[in-house]
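Have a look at the structure below before the remarks.
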């Protein structure tokens with residue numbers, strides 16, 4: 001069975017440019033998470049979906065970040081405009097009730 | 001104060017050693033607990049869930065103390081392949097609100 005798939009794996013952009021990340025969760029998983037991980041830190045939640053509904057987006061910087069999960073399956077996370085401080089690894093994870101979260105390999109973003 | 005706090009590390013131990021990691025959480029409503037392992041430049045992966053009665057999986061033992069809001073992970077007979085960062089994870093409430101600690105880095109030396 002395929003795991004959580006993310007793309008791209010790596011992205012280098014100039015500051016003020018837009019960028020988008022894509023995530024395909026494990027089939028049947030209703031819960032989808034986007035986390036941000038800085039070097040030497042644990043993942044920090046940006047947004048959590050239950051099906052197509054964003055149930056926890058309190059940590060999402062809404063002035064520049066947006067996310068969607070159309071049809072309750074795939075999800076995209078967008079940053080516009082990107083800032084130098086956004087350089088990090090963006091992790092997508094999925095899960096179902098009473099199980100752990102499974103992570104994708106992440107997108108490593110570098111803003112120059 | 002962070003919701004989930006871990007030993008800062010890093011831990012450098014010789015092969016065969018026993019090493020223990022600690023984690024404390026601040027939200028008494030937390031209901032489930034996990035240890036994840038993350039290799040360098042890889043994604044986190046579940047190592048084990050932590051049950052109230054304590055649980056063991058081979059060389060790994062996890063303990064939970066709800067009264068003290070404290071979780072531990074014990075690794076016996078350390079292997080070189082155990083070198084990784086260990087993340088303490090707390091699920092707050094009945095919803096799937098997974099909060100991660102900053103991680104503890106372990107290096108097992110030959």
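Just so it is clear, none of the values below were taken in a lab; they were calculated from the coordinates. Quantities reported herein were computed from a predicted structural model and do not represent experimental measurements. Positions of Cβ are generated from backbone atoms using ideal geometry, with glycine treated the same way; all protein chains shown enter the neighbour counts.
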Peptide B:68-78 - average C-beta neighbours from other chains (10 Å radius)
0
Averaged over peptide A:18-29, how many Cβ atoms belonging to another chain are found within 10 Å of each residue's Cβ?
0
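Sorting A:23, B:88, B:40 on the 10 Å Cβ count, fewest up front, what's the list?
Values: A:23 26, B:88 29, B:40 8.
Ranked by crowding around the Cβ, least crowded first: B:40, A:23, B:88.
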Round to a whole angstrom and tell me the spacing of the C-alpha centers of region B:35-110 and region A:25-65.
21 Å
Cα extents of region A:28-89 along the three principal axes, largest first (Å)
34, 25, 18
Peptide-level mean, for A:57-63, of C-beta atoms on other protein chains within 10 Å
0
So, by mean Cβ neighbours within 10 angstrom, what's the order for A:43-54, B:16-27, A:99-110 with the highest one leading?
A:99-110, A:43-54, B:16-27
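For A:16, A:71, A:11, what's the fewest-to-most ordering of other Cβ within 10 Å of each Cβ? Please report the intermediate quantities before stating the final value.
Values: A:16 10, A:71 7, A:11 16.
Result, fewest neighbours first: A:71, A:16, A:11.
How high is the FRET efficiency from residue B:45 to residue A:44, r the C-beta distance, R0 22 Å, rounded to 0.05? Could you put the intermediate results ahead of the total?
Working: r = 18 Å, r/R0 = 0.82.
Computed FRET efficiency for residue B:45 and residue A:44 comes out at 0.75.
When Rg is the radius of gyration of the Cα atoms in region B:1-40 and Rh is its Kirkwood radius, what does Rg/Rh come to? Kindly include the intermediate steps, with their values, before the conclusion.
Values: Rg = 13.0 Å, Rh = 12.6 Å.
Reported Rg/Rh (Cα atoms, Kirkwood Rh): 1.03.
What value in Å³ per residue do you get for the convex hull of the alpha-carbon atoms in chain B? If you can, show how the numbers build up before the last one.
Details: hull volume 10.5 nm³, N = 110.
That works out to 95 Å³ per residue.
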Percent of Cα-Cα pairs per 10 Å bin, from 0 to the last occupied bin, for chain A, please list those.
16, 51, 29, 5, 0
For the protein assembly as shown, report the translational diffusion coefficient in µm²/s to the nearest whole number, using Stokes-Einstein at 20 °C, 1.002 mPa s, and a Kirkwood Rh over Cα pairs.
119 µm²/s
Order of A:12, B:71, A:79 under a 10 Å beta carbon neighbour criterion, fewest first:
A:12, A:79, B:71
